[in-house]
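Before any comments, here is the structure.
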Amino acid sequence: MADVQECHYDSTSQATDSLHVEPIYESFLCPLTKQVMRDPVSIDSGVTFERDAILKYFNECLSSRRRLVCPVTKMELSNTELNPSIALRNTIDEWMNRNEVAKLDVARKSLTSDSTESDMVQALQYVDEICQRSRSSRQVVRRDGLIIMIADLLKKSSTKVRQMALETLRSIAKDDNDNKVEIAAGDNIRTIVKFLNHGQTQEKERAVSLLFELSENKALSERIGSVSGAILILVGLSSSKVENSLIVDRAEKTLENLESCEKNVRQMAENGRLQPLLRLLLEGSPDIQLSMAAYLGELVLSNDVKVLVAQKAGSTLVNIMKKGNREAREAALKALNQISSYDASAKILIEAGILPPLITDLFTVGSNQLPMRLKEVSATILANVVASGARFESIPLDHNRQTLVSEDIVHNLLHLISNTGPAIECKLLQVLVGLTDSSTSVQNIVDAIKGSGAIVSLIQFVEAPQREVRMNSIKLLNNISPYMGQELADAFRGNFSQLRSLVKVIVDNNGISEEQAAAAGLVADLPMRDSVLTRRLLQDGAFATIIPKVLRIRQGEIRGGRFVNPFLEGLVRIVSRITFVLDDDPDIIVVACDYNLTSLFTDLLQMNGLDIVQIVSANALEKLSQQSKHLTKILPAPSPGLCFSIFPCLSQKTVATGVCRVHCGICSARESFCLLEGKSVEKLVACLDNNNEKVVEAALSALSTLLEDGVDIDQGVMVLCDAEGINPILDVLCENRNEALRQRAVWAVERILRMDEIAYEISGNQNVGTALVEAFRHGDYRTRQVAERALKHVDKLPNFSGIFSKMGAQ
């Protein structure tokens with residue numbers, strides 16, 4: 001018998017000797033598998049085999065068409081009948097039970113801290129082997145108290161022992177709820193979870209497999225989910241790209257089991273696994289749907305998840321909002337508030353029909369109206385949806401085909417704004433901001449505001465103590481100011497404190513905000529020639545604080561993000577207001593001198609890339625330069641001496657030192673706004689090369705002030721020559737970009753051509769001649785007159801003026 005043991009089970013025999021268990025009898029072994037038989041059967045030859053093994057042998061003989069013989073005796077078999085060996089099976093079972101008891105007794109002694117690592121591993125292997133035989137064996141293990149001993153090994157053993165302990169516990173747990181409960185006792189689940197996050201690959205595999213077995217018990221699913229971090233770790237493993245497929249698969253199946261607990265579903269949603277929650281939201285009972293919708297409203301969702309939720313559950317949530325009870329509607333509104341805060345998901349909600357019930361919730365009054373706190377949520381959702389940029393003028397709200405920009409709807413929104421608290425006011429102002437951001441719907445909103453006379457009530461919000469309300473009102477007013485500049489000016493003249501509030505926002509020193517940019521744009525859009533507003537701004541010290549701010553931005557002392565450019569553009573436009581009222585009041589001239597506006601706008605011309613700043617600066621320089629001929633200090637002519645009085649033919653024209661060539665007096669950039677003294681000419685010439693036609697037009701208009709009546713035009717032309725500005729002006733004429741630019745270029749070129757030398761030189765330029773001919777043929781009446789004079793200067797048209805004058809004399 002000993003020989004048989006050594007032949008068939010070397011490792012087992014060694015262990016058997018050490019454990020003093022009964023030896024394996026040769027009759028217990030299947031001749032084919034060399035393993036102890038569980039279901040012994042006899043065949044026609046009288047030899048006994050394991051049922052599965054002999055059946056496999058028979059099938060192989062039949063499939064390969066071999067002669068059917070006994071694998072041991074080689075006797076030919078007449079049939080394949082199998083006769084159960086019941087007596088042998090009972091004997092084997094008795095032998096195995098005796099061995100099992102003995103092995104478990106030895107295993108218990110080996111599972112102590114005094115045992116060696118190899119003894120512990122061997123003992124665990126025995127227990128694992130026993131547990132795989134039958135459920136009754138697993139029950140014996142529990143009754144013998146081995147589960148607690150094995151679970152303790154997870155906390156204080158070597159890596160090999162821990163791995164084997166995890167594997168053994170999985171076998172103990174299989175299909176036995178009592179064993180699972182005992183394994184999960186104490187903080188064992190927490191210990192198992194730790195292996196998922198910190199263990200080696202084999203430990204992770206065995207830990208997640210054990211956790212999967214435990215999760216088959218619904219009661220334990222909740223306990224597993226309650227362990228801090230367990231679900232987060234499992235979600236990470238189930239979507240991992242680096243862990244092996246076994247770990248990923250078992251983690252996924254464990255999560256599927258954990259979905260049986262609603263608390264776990266919530267945790268999964270919190271950790272990015274939304275599908276279980278959405279499934280319950282779509283398929284669960286009304287109570288479950290309410291619970292899931294309420295929790296969805298509490299989650300912080302990534303943008304991708306918002307889109308997913310909108311796609312899967314948007315219609316369901318909208319339907320609950322329309323037809324559910326008060327509690328259900330509240331839950332749905334809070335969930336929709338979350339989802340709508342991303343443009344892509346908001347557009348999906350629009351397709352799901354969210355707009356009509358939102359408007360109904362906001363406008364309904366009486367017993368069926370929502371509480372104000374829920375109306376605030378509805379207003380927030382509407383603001384989110386409007387911010388998505390959809391074409392709301394084409395989305396009907398009811399059977400009357402009204403839309404969000406229909407006059408009645410806008411009137412109702414304006415009425416709500418004036419009759420609710422700050423929270424709803426803020427969101428509805430935000431709705432109007434979104435609608436006026438769109439070029440396709442802004443005119444509808446403007447018309448509705450004009451029709452309702454709401455501009456005065458809207459302006460009052462610029463003084464609101466709530467920053468969000470104030471900011472949204474300023475943004476709205478800024479959006480409509482290009483269309484309602486005069487109405488806004490009239491309103492501000494009725495209450496200058498609101499204008500002061502805007503200036504206070506603008507000059508705030510806490511960086512550069514969206515609110516400041518909007519406030520600057522709003523003030524800049526007020527009618528430029530409104531001297532009352534300009535004087536009020538001057539009186540309130542607006543220019544005294546805005547101009548230094550412009551300089552600090554220009555010098556890089558104030559830096560901002562995406563709002564710095566629109567903010568600077570608004571500030572420059574506000575400062576340029578001064579130049580529009582220079583003719584109205586000598587005091588304004590003094591203000592322009594005090595702030596040295598010529599130097600300021602000349603410097604701003606160099607801000608390439610900011611076209612509006614360059615346009616406004618050039619226009620301002622034009623208006624300043626137009627004052628130069630009035631502000632230059634003309635020196636008195638020197639009195640002639642006696643000799644020259646008697647002989648005037650001997651007198652010569654004298655030129656005083658320091659006299660401006662163009663304005664024929666003493667000029668300066670600060671006092672008379674002279675472009676020459678301000679070194680502005682070269683910078684204006686540089687702007688003629690800009691791709692923006694409006695920049696070119698503004699620069700050319702400013703340069704043209706050197707050629708106006710009342711100045712020395714010849715010297716003005718020479719100044720342009722010195723600044724290399726003649727050819728750029730000719731290029732502007734020849735390019736013929738638009739009619740306004742052509743008119744301005746024709747006028748300037750005609751003045752330049754009054755100098756014979758230049759006219760002679762240009763007369764050979766065919767492009768200039770063609771451009772003047774085109775202007776003569778196709779321009780308006782005034783342009784044709786100017787072009788005609790220019791063509792005469794270059795001898796393209798005959799000059800009959802001299803002939804006609806002689807004929808008249810005759």
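Condition check ((1) assigned to a helix (DSSP H, G or I); (2) in contact with a His (Cβ under 9 Å, 6 or more places away or on another chain); (3) at pLDDT 95 or above; (4) open to solvent by less than 30 Å² (accessible area, probe 1.4 Å)) across all residues:
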residue	(1), (2), (3), (4)
312	yes, no, no, no
338	yes, no, no, no
344	yes, no, yes, no
360	yes, no, no, no
365	no, no, no, no
369	no, no, no, no
380	yes, no, yes, yes
423	yes, no, no, no
Expected single match for over 17 Å from residue 476 (Cβ atoms), within 30 Å of the chain's Cα centre (by Cα) and either without any contact (Cβ under 8 Å) to a residue 24 or more places away in the chain or assigned to a loop (DSSP other than H, G, I, E, B) (or both) among 565, 510 is 510
Do we find a residue being open to solvent by 80 Å² or more (accessible area, probe 1.4 Å) and not polar (S, T, N, Q) anywhere in the range 114-121?
yes
Selection from the range 549-582 of residues out of contact with any Asp or Glu (no Cβ under 9 Å at 6 or more places or on another chain) and loosely packed, with under 14 Cβ neighbours inside 10 Å yields 552, 555, 556, 557, 559, 561
Taking residue 98, is it over 60 Å from the mean Cα position of the chain (by Cα), surrounded by 15 or more Cβ atoms within 10 Å (Cβ to Cβ), on the phi < 0 side of the Ramachandran plot and assigned to a helix (DSSP H, G or I)?
no
Which of the following residues is open to solvent by 30 Å² or more (accessible area, probe 1.4 Å) and modelled with pLDDT of 95 or more: 253, 218?
253
What are the residues in the range 464-507 that are among the aliphatic types (A, V, I, L, M), open to solvent by 10 Å² or more (accessible area, probe 1.4 Å) and farther than 19 Å from residue 433 by Cα, if any?
491, 503, 507
Listed residues 671, 724; which is touching a residue at least 60 places away in the same chain (Cβ under 8 Å), in contact with a helix residue (DSSP H, G or I) (Cβ under 9 Å, 6 or more places away or on another chain) and among the acidic types (Asp, Glu)?
671
For residue 787, work out the one condition from (1) modelled with pLDDT of 90 or more; (2) open to solvent by 10 Å² or more (accessible area, probe 1.4 Å); (3) touching a Gly at 6+ places or on another chain (Cβ under 8 Å) it doesn't fulfil.
(2)
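Yes/no matrix, rows are residues, columns are (1) under 60 Å from the mean Cα position of the chain (by Cα); (2) within 27 Å of residue 56 (Cα to Cα); (3) open to solvent by less than 60 Å² (accessible area, probe 1.4 Å); (4) at pLDDT below 50:
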position	(1), (2), (3), (4)
5	no, yes, yes, yes
9	no, yes, yes, yes
12	no, yes, yes, yes
21	no, no, yes, no
24	no, yes, yes, no
27	no, yes, no, no
36	no, yes, yes, no
39	no, yes, yes, no
What is the number of the single condition among (1) at pLDDT below 95; (2) not assigned by the TED database to the domain that holds residue 759 that residue 696 does not meet?
(1)
Taking the range 728-783 and keeping only residues that are farther than 17 Å from residue 698 by Cβ, outside any helix (DSSP H, G or I) and basic (Lys, Arg), one is left with 754
Answer with yes or no whether residue 741 is surrounded by 21 or more Cβ atoms within 10 Å (Cβ to Cβ) and either in contact with a helix residue (DSSP H, G or I) (Cβ under 6 Å, 6 or more places away or on another chain) or free of Cβ contacts under 8 Å to residues at least 24 places away in the same chain (or both).
no
Looking at the range 283-310 only, could you name the residues that are open to solvent by 60 Å² or more (accessible area, probe 1.4 Å), in contact with a helix residue (DSSP H, G or I) (Cβ under 8 Å, 6 or more places away or on another chain) and more than 28 Å from residue 211 (Cβ to Cβ)?
286, 303
Answer with yes or no whether residue 431 is open to solvent by less than 20 Å² (accessible area, probe 1.4 Å), assigned to a helix (DSSP H, G or I), out of contact with any Cys (no Cβ under 7 Å at 6 or more places or on another chain) and under 22 Å from residue 370 (Cβ atoms).
yes
If you check 224, 231, 192, 247, which single one turns out to be β-branched (Val, Ile, Thr), closer than 20 Å to residue 121 by Cβ and either open to solvent by less than 30 Å² (accessible area, probe 1.4 Å) or assigned to a loop (DSSP other than H, G, I, E, B) (or both)?
192
Being among the basic types (Lys, Arg), buried (at least 18 other Cβ atoms within 10 Å of the Cβ), within 32 Å of the chain's Cα centre (by Cα) and assigned to a helix (DSSP H, G or I): is that true of residue 266 here?
yes
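The values are calculated or read from the model by the stated rules, or taken from the named source; none is laboratory data. These numbers were taken from a predicted model, which means no experiment stands behind them. Cβ atoms come from the backbone with ideal geometry, glycine included; neighbour counts cover every protein chain shown. Surface accessibility is based on the protein's heavy atoms, side chains included, excluding ligands, DNA and RNA. Shrake-Rupley method; radii C 1.70, N 1.55, O 1.52, S 1.80 Å.
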